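Structure, as structure tokens:
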Amino acid sequence: MVLSKTSSQSDVSVHSTFASRYVRNSLPRFRMPENSIPKEAAYQIINDELMLDGNPRLNLASFVTTWMEPECDKLIMAAINKNYVDMDEYPVTTELQNRCVNMIAHLFNAPLGESEAAVGVGTVGSSEAIMLAGLAFKRKWQNKRKAEGKPYDKPNIVTGANVQVCWEKFARYFEVELKEVKLRDGYYVMDPEKAVELVDENTICVAAILGSTLNGEFEDVKRLNELLEKKNAETGWDTPIHVDAASGGFIAPFLYPELEWDFRLPLVKSINVSGHKYGLVYAGIGWVIWRSKEDLPEELIFHINYLGADQPTFTLNFSKGSSQVIAQYYQLIRLGFEGYQNIMENCQENAMVLKEGLEKTGRFNIVSKDNGVPLVAFSLKDRSLHDEFEVSEYLRRFGWIVPAYTMPADAQHVTVLRVVIREDFSRTLAERLVLDIQKVLHELDALPSKLMAAAEGKKPAANHLWHPHNGFANMTDIEKQREVTEVWKSFVRERKTNRVC
Ligand SMILES: *Cc1c(COP(=O)(O)O)cnc(C)c1O
């Protein structure tokens, strides 16, 4: 032990990080350690543990940006210590956010006068944007009902059952009933006719999705606007529309400029979009834009006297970073309309390559549409032996993260795999993924299936082979292994529905 005594006595700063006692001993996990550790050791320990996270670039589950140009990374790091809310101190950052709001409002065809400023705000993401838009609708509706002397305690929102989870959050947190239009086989978005049927005097808005999370499909906002105008005229209500364009807001203007889904439609009063999805910024930014000042009730805006200046704010949070706002501004001016259009076209082409590759295998039904958000959602044609969850699991071994999930009501029996095509998903990767999916299919084909075992007459066909009393008796190892996985998956599956981002 003489040796270790000598080494522990020498200056710790000369020790190899990996041989230092900080890395040799384990740290307490759930309590703050008593003592400090050197910065190199802290860095190494955290860096090493994070190696076990998935690779964001191969995370095909997410719409959220995983690559930006190094010049923008530099701007982000330079602003990492700026609190966005200090508008007095960082007036230029505030100005950049206002420019972004105006650029996006124009992109969405807000009916603005020549020098009229757009009404909108930068948020942490579409979720915060949706909370704010929802609150504005709720307050407007309440004010109107109060003025008419009518009850205002049962507000509801009409959406498709394919809504993203943040709408369920809004409904629960802010006590608004969510009236969902059910889906059906082969039709996985909100049917405008059925949506309008659900509208009543307590409906604060109908929320349409431009780019359904489940299959990328654009809902027919134009038709919804038409039907709702008719219903409003008949009933005397003035039920408005919100468009959740979290992913489609930066797709449609570039790929389908003729498509009318935005403020060109008179009932569309607010729109949200995720800057961190096809706005091409890293996680942490979204936008909500209102059609006009009248659509954002003044009483929701806080005017703070902050260090001597009037500062209007309408957000849920106070402090936040500035980097994402700056990064959004970078993308808007760096790429311009031309640049965004190029990138979106490229994503669309890569989605086609992937789709055609999958179709060639002959094993999948394609559930996504060609003219939506660039993603490919697909399900197995034959799921008698293996299901989509297994394909997803096996792809993980190649590094690919491809989610599998079941559709919401009334299409729960449909399970899909979904690959989101982002800017950084190159043609090479698309082709590679097709090859790896083929390999996975071959591997799965070679595996025994529990149903095959049943067909051979060894086991009952129904339910699981595992028996509460007999356990796994009379099973081969591979059958046991498959069965254990099945049992666990049956627990997990229930919670997988709808939880893709
Ligand atoms: C991603 C998404 C959201 C939530 O957006 P965040 O920016 O992640 O908060 C809401 N609606 C739709 C349709 C989405 O795709």
(request) Output ³J(HN,Hα) for the stretch 47-61: one whole-Hz value per residue in order, computed from phi by the Karplus curve 6.51 cos²θ - 1.76 cosθ + 1.60 with θ = phi - 60°, and x for Gly and Pro. (result) 4, 5, 5, 5, 4, 7, 5, x, 8, x, 5, 9, 7, 8, 7
(message) Spelling out what I want: for every residue of the stretch 24-40, take phi, set θ = phi - 60°, compute 6.51 cos²θ - 1.76 cosθ + 1.60 (Karplus), and round to whole Hz; glycine and proline get x.
(response) 6, 8, 7, 8, x, 8, 10, 10, 5, x, 4, 10, 6, 10, x, 5, 5
(request) Name the shape class, rounded, prolate or oblate, that the alpha-carbon gyration tensor gives for the chain, where a ≥ b ≥ c are the square roots of its eigenvalues, rounded holds for a/c under 1.5, and otherwise prolate holds if a/b is larger than b/c and oblate otherwise. (result) oblate
(message) Given the DSSP H assignment, sum -39500 (n - 2.57) over each helix run of at least 4 residues in the chain and divide by its residue total; what's the result at 222 nm in deg cm²/dmol, nearest 500?
(response) -13000 deg cm²/dmol
(request) Step through the table entries K138/K179; K360/K439; K169/K320; K146/K194; K138/K277; K182/K277, compare each Cα-Cα distance with 18 Å, and write down the pairs that go over it. (result) K169/K320; K146/K194; K138/K277; K182/K277
(message) Whole-Hz ³J(HN,Hα) for each residue in the stretch 364-379, computed from phi via Karplus 6.51 cos²θ - 1.76 cosθ + 1.60 with θ = phi - 60°, x for glycine and proline: what do you get?
(response) 10, 9, 8, 9, 7, 9, 6, 10, x, 6, x, 8, 10, 10, 8, 10
(request) Can you bin the stretch 366-405 into rounded, prolate or oblate? Criterion: square roots of the alpha carbon gyration tensor eigenvalues sorted a ≥ b ≥ c, rounded for a/c under 1.5, prolate for a/b above b/c, oblate for the rest. (result) oblate
(request) Just add up the charged neighbours of T235: K/R +1, D/E -1, any other residue whose Cβ is under 13 Å from the Cβ of T235. (result) -4
(request) Mind running the shape call on the stretch 388-428? Use the C-alpha gyration tensor, a ≥ b ≥ c as the square roots of the eigenvalues: rounded below 1.5 for a/c, prolate if a/b tops b/c, oblate otherwise. (result) oblate
(request) Out of all DSSP beta bridges with both ends in the chain, state the antiparallel percent to the nearest 5. (result) 60
(message) What translational diffusion coefficient, to the nearest whole µm²/s, does the stretch 7-53 have by Stokes-Einstein, given a Kirkwood radius computed over alpha-carbon pairs, a temperature of 10 °C and 1.306 mPa s viscosity?
(response) 136
(message) Taking amide H atoms as placed 1.01 Å from N in the peptide plane, list the residues 5 or more away in sequence, or in a different chain, whose amide H sits under 5 Å from that of L375.
(response) I421
(request) Taking amide H positions as placed in the peptide plane 1.01 Å from N, state which residues far from L259 in sequence (5 or more) or on other chains have amide H under 5 Å from it. (result) none
(request) Net charge near V221: determine it from the other residues with C-beta under 11 Å of the C-beta of V221, scoring Lys and Arg +1 and Asp and Glu -1. (result) -3
(message) Along each principal axis of its Cα atoms, how long is the stretch 327-393 end to end? Whole angstroms, biggest number first, please.
(response) 51, 22, 15
(message) What is the sum of charges, Lys and Arg at +1 and Asp and Glu at -1, for the other residues whose Cβ falls under 9 Å from the Cβ of V376?
(response) +2
(message) One quarter of the convex hull surface, Cα atoms only: what value does that give for the stretch 240-361 in nm²?
(response) 10.4
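Every number here is computed from the coordinates shown, using simple stated rules; none is lab data. Owing to the predicted nature of the structure, the values given are computational and were not obtained by experimental measurement. Cβ: placed from backbone, ideal geometry, glycine included. Neighbour counts: every protein chain shown.
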